[in-house]
Every structure is written in structure tokens, then in C-alpha cells.
Amino acid sequence: MATPPLASRRFFLKIAGSSVAIASLGILGSSSTRADQSDDVPLFRFVQWNDLHVDARKPSTYLLANDKAAWLIDWINSPDRASRYDFVAGIGDLIQGGNLKSLAADTEHFKRMVEGLAIPLRPAVGNHENVAREGDPIYEKSFCEAFGLKETNYSFRHKGVLFVMLNTSGGPRTKGTPVRRRRNAWFREVLEASRGTPKIVCCHVPLLPVRDEAVLAKSFGYSGPTAGDDELLGLVDEHADSIAAVLSGHLHLTGTVQRKGVHHIAISGTASYPCDFATYDVFPDRIRVRIRSLPDELVTPQTNLHGKPRHKNDYIDAAHPTHDAYMKGVASERDFDMELRPSLK
């Protein structure tokens, strides 16, 4: 379906008319960094959406999923926020999908919803955008055409920071496949070509669990809570001096862990409880992270994937001794600063 990207028409025209071509590594042209800006004023701000599970069916598979997505769009489009935030990072499972027919229908429905989005939408593919068929052009066709993408692994620069959008939608099932080898080889090239540039990696399926791994396997209940890719994680470790964070979703709970100074952050998304999204204020030397929830009338405890009523019990782990903490993260996982490495000062 030959349609404009899932972003505002203004952004589509900006991309279409740009004189900056996508480089062979997929790195888009950058805006200049305001190095002389005060530390009290961010260089830029962006928002993370994931696991919206927008659904053309009525009622939607996830309770009020489309209403929640509509609220997010209205929230961004308010004049004060539209002028404050530079873009939305849409980190996978923006639609529900399920098969080729529903992929097309749900993508089209989501496209119509975000046509009036006041700021650009930068997407990373999730397992619901392609039914977990990572690298399959037939199943990724709707996603690529809708967003105007030639590849599902790409990167772009924004005001001095490189954002790397990785396709981890196949999870651990891609082990030993050409798809994984090509993706990791591309990622390695991007990292080698951008030494000395601060980076944020975005991928739907996280590289690390943000809960006790054995407990998470039980509470999540599906195969592949993480990408299960030691090589990919090793590349992040190898370049940890220039990667501030790996942003993800997929788990339908919110939390963060650190490894070699890199923050691995998973946000629950809005389709299921606790119905979170995130905002990031990027300063020359740090990033302020704030986890935000939908208004009470759109928070749906009955959609909890890690506790009752789906399970007989509400899960906890040693670092999250209450189920509320298990779902939402402790206070230090919801409001914190992380270092931007290297600094843009």
C-alpha cells in the first residue's frame, strides 16, 4: 500500500524534500548541536511510545487500546508539548497485527490516527508489526511502506546524538540465522563508524531482562522475553563508552537495569497495565528520564500480564518486593538521570 509514512504530513514532506540522503550505514543527516546552550535547558526532548497495540477490530484486543493511543496523540498535540518535544520514538508493537490481513488493516488504522501528529514519529519494528518474522519482506511490507522505510534497521542523528533503530522482533528464534548475522554486522559497522558520538539504541525486544530472569520467564509466559543475542549485547558492551541507553518495550512492565554504565530501559507501553510511556530531556552531559502513566480513567488493571487475573498470583522478585513495584519499577526506575557519553559540551 503506497501511503505516506506514519508521521505528520509535514514531516513526510520534510524527509521527501531533504537533500541529505541516507548513507550506506543508514545514518540520516544531523542537526547542529547547540553546544553553548545552558545546562538548565535541554538540547532537545523526545517521547517514547511502545506497545500501543492499536487495533482495527472492535472492540480492540487490548481493552481501550485505541482510546489510549488517541489520548497520547492529543497529549503530544497540545500546543505547549508540541513545541517542547522534538519527536516520538515508537519502539514497536504500535499495532496488534496477527496475520498479513490484520497487519495491513491495523497499520492503516494507525496511520489514520497519527496523520495529524504534530511532531515526527520515528519507529522501530516490533514483533506485532511483522508477526515476529524478523527480516521477512512480505511480513514487513506494511510497516516499511507506511513509514517510508527501505530497511527495518536504520539510524538517524538528532542534534549531536545518534539514534540506532534495531529490529529485534524475532527474539531468540533468530539465533544462527542469516537475518541475525546481517543485522549484527550492520550494527557493528554503525558503531565503528560513530565512535566518539553519543548514542541511544532503540529495539522492541530488550537485550536484558529488567527483572529476575527466572521469575520473568514465568510471569511473562511467552517465549522470548529478551532477544537472547549474546553477540548483540556484546557489541553494546564493547561500545558502552558511547551508548547512553538501550530503549525497549515488549515486556509489558516498566524497569531499568545498568550494565557497564549503559541503562537498559523497558517501558510497559499503554495497551496493558501499568499503561506507561516515557519522556527524555537530553542535556549536553546527561539525559533526564521520566516515566509517565495514562490518566486514571484509561489505566486498566485487568490487562495486567504479570499478575491476576491472568495468573493465579501477582509476581514479585527480590528487587521488587511488591507487585506494584514489579509492574512499575521502584522509584529510582521511574525518575532518574543518566550520563550522556561522550558529553556534547
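Please treat every number below as a calculation from the coordinates, not as lab data. Since we're looking at a predicted model, the values are computed, not measured. No Cβ is skipped: glycine too gets one built from the backbone with ideal geometry, and neighbour counts run over all protein chains shown.
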Under a Cβ-only charge scheme (Lys and Arg +1, Asp and Glu -1), can you give me the dipole magnitude of the range 130-230 about the Cα centre, in debye to the nearest 20?
160 debye
If the chain between SER78 and PHE336 were fully stretched, how many nm would it gain, using 0.36 nm times the residue separation less the Cα-Cα distance?
90.4 nm
Sites LEU100 and LEU298, calculated FRET efficiency, Cβ-Cβ separation with R0 35 Å, nearest 0.05
0.70
Work out the charge dipole of the range 21-339 with +1 on the Cβ of Lys and Arg and -1 on the Cβ of Asp and Glu about the Cα centre, then indicate which of VAL215, ILE287, GLY228 is farthest towards its positive end.
GLY228
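Using a/c under 1.5 as the rounded threshold, could you call the range 157-281 rounded, prolate or oblate? The axes a ≥ b ≥ c are square roots of the C-alpha gyration tensor eigenvalues, and prolate needs a/b larger than b/c, oblate otherwise.
Numbers: a/c = 1.88, a/b = 1.26, b/c = 1.48.
Here the range 157-281 falls in the oblate category.
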Can you give the charge dipole size of the range 101-147 about its Cα centre, rounded to the nearest 20 debye, using +1 on the beta carbon of Lys and Arg and -1 on the beta carbon of Asp and Glu?
80 debye
Cα pairs beyond 34 Å in the range 21-339, in percent, come to 16 percent
Are there any trypsin sites (Lys or Arg not before Pro) in the range 208-300 that are in a DSSP loop and have at most 13 other Cβ atoms within 10 Å? List them by number.
LYS260
Can you give me the relative contact order of the chain as a percent, contacts being Cα pairs under 8 Å and 6 or more apart?
19 percent
Tell me the net charge near TYR85. Cut-off is 14 Å between Cβ atoms, TYR85 excluded, with +1 for each Lys or Arg and -1 for each Asp or Glu.
+4
Which value, in debye to the nearest 20, gives the size of the charge dipole of the chain about its Cα centre, when Lys and Arg are +1 and Asp and Glu are -1 at the Cβ?
620 debye
Once Lys and Arg are counted +1 and Asp and Glu -1 for all other residues with Cβ under 14 Å from that of ASP317, the total becomes -2
With label points set 7 Å from each Cα along the Cα-to-Cβ direction at ARG133 and ARG288, the distance between them in nm comes to 4.5 nm
Take every Cα pair under 8 Å in the range 89-184 that's 6+ residues apart, average their separations, divide by the length, and report that relative contact order as a whole percent.
26 percent
Surpassing 32 Å at the alpha-carbon level, of the pairs LYS141/LYS312; LYS175/LYS218; LYS68/LYS199; LYS68/LYS141, are LYS141/LYS312
List the residues of the range 257-287 whose backbone N lies under 14 Å from a point placed 7 Å from the Cα of LEU63 along the Cα-to-Cβ direction.
271-275
